[in-house]
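Remarks on the structure that follows.
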Amino acid sequence: MSAGSGSRNTNTEPWGSFDDNLIQGSSAVIDMENMDDTSGSSFEDMGEMHQRMKEEEEVTAEAAATEDDAADDGEFLGMKGLKGQLGRQVADEVWQAGKRQASRAFNLYANIDILRPYFDVEPVQVRSRLMESMIPVRMITFPQKIAGELYGPLMLVFTLVAILLHGMKTSGTVIREGTLMGTAIGTCFGYWLGVSSFIYFLAYLVNAQITMLQMLSLLGYGLFGHCVVLLVTYNIHFHFLFYVLWLLIGGLSTLRMVAALLSRTVGQTPRLLLCGTLSLLHMTFLLYLHFNYHKIVEGLLDSLEGPNMVPMQRVARDVPELTLNATLRNQEVLQVH
Amino acid sequence: MAAAEEASRPFAGLSDVSISDDIPVEGDISVPVGASRRDDELSTLDEPVKETILRDLRAVGNKFVHVLYPKRSSALLRDWDLWGPLLLCVTLALLLQGGAADSDDQGGPQFAEVFVIIWFGSIIITLNSKLLGGTISFFQSLCVLGYCIMPLTVAMAVCRIVLLSVSGTVSFAVRLAVVTASFGWSTFASTAFLADSQPPNRKALVVYPVFLFYFVIGWMVLTFSPSQ
């Protein structure tokens with residue numbers, strides 16, 4: 001208190017007059033009332049202060065205190081009251097905002113309203129974006145426009161799930177401890193969300209100008225090439241055809257994404273890092289999806305041609321057998337010796 | 001004062017509406033159907049269980065007819081139920097189950113898989129249509145999508161009969177024809193019911209997931225082959 005008054009007396013800072021005005025303008029009692037409101041704020045010493053204020057209020061409320069005391073109290077209360085009010089206001093706003101967010105997240109219909117802007121598209125727009133996902137734009141000096149939209153990507157991922165399911169079924173894939181459906185959904189959504197987050201993280205590290213929404217949209221539309229290639233090659237089994245399509249369609253859709261990222265990144269090393277990672281992941285994913293569920297088809301076809309052969313299946317490698325062989329060999333070696 | 005005026009402004013339009021003094025602005029709000037409704041409820045308490053079940057089945061059957069003749073009526077939308085979809089879904093899943101009865105062969109569709117595809121697929125389509133600005137309620141959409149699986153369930157039954165009798169290319173050709181027809185029927189019927197609730201310029205966006213959904217189910221029906 002005394003420190004406060006001392007500072008006031010010796011205060012030559014520009015804000016001193018502001019404090020004085022504030023105190024002069026407001027009476028001590030009103031400040032105390034404000035103090036009462038601040039009892040719930042997060043200041044640590046507030047409870048103790050509040051207690052003291054209460055006691056003093058009982059004394060000062062009778063207006064028996066001298067002018068000087070009142071001024072002192074007033075100043076103290078004014079300072080603390082101002083801080084408390086500010087803290088309380090901020091805390092209140094944060095609390096209100098948090099409450100609003102939580103109630104929104106829990107309410108399904110409100111939740112839909114949050115997502116609705118991302119689904120605000122016309123069929124023509126979706127069609128043109130699908131076409132554009134195959135056409136790389138060579139302009140990398142100026143940031144390219146990336147539409148932040150989720151309808152197209154989401155539908156493409158579901159289409160990829162259906163195509164993958166088809167590939168798995170025709171190839172007779174056996175998945176232990178899981179269903180085909182779950183694996184297909186997990187693979188597609190895992191790739192979409194996982195790679196988007198990873199590239200976004202990299203982009204954040206190298207300071208590229210891209211948001212998570214744009215990344216999701218970019219990668220989602222990039223899956224259109226995958227859908228086309230896989231749909232064709234799951235039904236027409238030519239290795240040559242696959243490699244041509246892989247390089248052509250997969251390469252075009254990858255180039256499109258790379259060009260968009262290039263235009264939004266500055267510097268050689270960041271560009272190389274970001275685009276190298278993305279193109280590597282994207283092209284490898286297509287290879288994986290194709291050969292993981294395609295090679296088996298050929299194995300199955302071979303086995304169907306030979307009537308007595310057992311169908312080839314994807315099973316875990318028989319590790320005990322290998323070790324058994326190894327031990328046998330060891331024994332043989334020992335016997336030889 | 002300004003705030004008070006601001007607050008009273010929304011009702012400013014109402015203040016112009018004058019109600020003549022000879023009309024009393026008070027009284028009971030009576031619902032005319034209240035009395036008869038009470039009678040209905042009393043009668044459902046008293047009636048035999050058989051009648052209740054039969055009435056519900058008749059309602060479900062009535063909706064089946066609506067799907068078979070997809071004319072633009074709102075009966076399927078107005079009083080929705082999930083009994084029909086459940087019935088169809090379980091039937092389809094059981095019919096598809098036979099292929100994977102052998103525990104070693106996991107390639108065939110399993111009961112849970114079919115069940116999950118149908119329900120989660122419907123939910124996703126419904127959410128999608130809501131996101132695109134559709135005005136249909138959640139369960140109405142689920143009901144319509146569920147009832148519109150019926151052509152595919154019928155196709156499944158036909159496929160099993162065909163598989164029992166003939167085999168080879170003829171069997172595949174017949175099954176392909178049946179499944180294609182029923183797939184088209186399902187898509188057409190559900191679109192006819194759902195289209196009204198969508199903004200006219202976005203029908204294609206709503207129809208695409210529906211198409212994909214029935215396509216996956218139809219493809220599952222077509223590739224079904226019973227274990228030997």
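The values are calculated or read from the model by the stated rules, or taken from the named source; none is laboratory data. Bear in mind that the values here come from a model prediction, so they are computed numbers and not experimental data. Note that each Cβ is placed from the backbone with ideal geometry, even for glycine, and that neighbours are counted across all protein chains shown.
List of remarks:
- In the set (1) crowded, with 19+ Cβ neighbours inside 10 Å; (2) part of a loop (DSSP other than H, G, I, E, B); (3) without any contact (Cβ under 8 Å) to a residue 60 or more places away in the chain, B:PHE224 fails one condition alone, (3).
- Region A:154-185, residues that are at pLDDT below 80 and not hydrophobic (A, V, I, L, M, F, W, C): A:LYS169, A:THR170, A:SER171, A:GLY172, A:THR173, A:ARG176, A:GLU177, A:GLY178, A:THR179
- In region B:178-199, the count of residues that are away from every other protein chain (no Cβ under 14 Å), crowded, with 18+ Cβ neighbours inside 10 Å, more than 15 Å from the chain's Cα centre (by Cα) and of a type outside the set (S, T, N, Q) is one or more.
- The selection criterion, being outside any helix (DSSP H, G or I) and assigned by TED's automatic domain parsing to the domain that holds A:MET283, does not hold for A:ILE199.
- If you go through region A:130-154 and keep only what is surrounded by fewer than 20 Cβ atoms within 10 Å (Cβ to Cβ) and assigned to a helix (DSSP H, G or I), you end up with A:LEU130, A:MET131, A:GLU132.
- Qualifying positions in region B:207-220 - among the aliphatic types (A, V, I, L, M), within 15 Å of B:ASN128 (Cβ to Cβ) and more than 10 Å from chain A (Cβ to nearest Cβ): B:VAL210
- Members of region A:144-160 found to be of a type in the set (A, V, I, L, M, F, W, C) and either farther than 14 Å from A:GLU132 by Cα or within 13 Å of chain B (Cβ to nearest Cβ) (or both), listed by number: A:LEU150, A:LEU154, A:MET155, A:LEU156, A:VAL157, A:PHE158, A:LEU160
- The number of residues in region B:144-168 that are touching a Phe, Trp or Tyr at 6+ places or on another chain (Cβ under 9 Å) and assigned to a loop (DSSP other than H, G, I, E, B) comes to 2.
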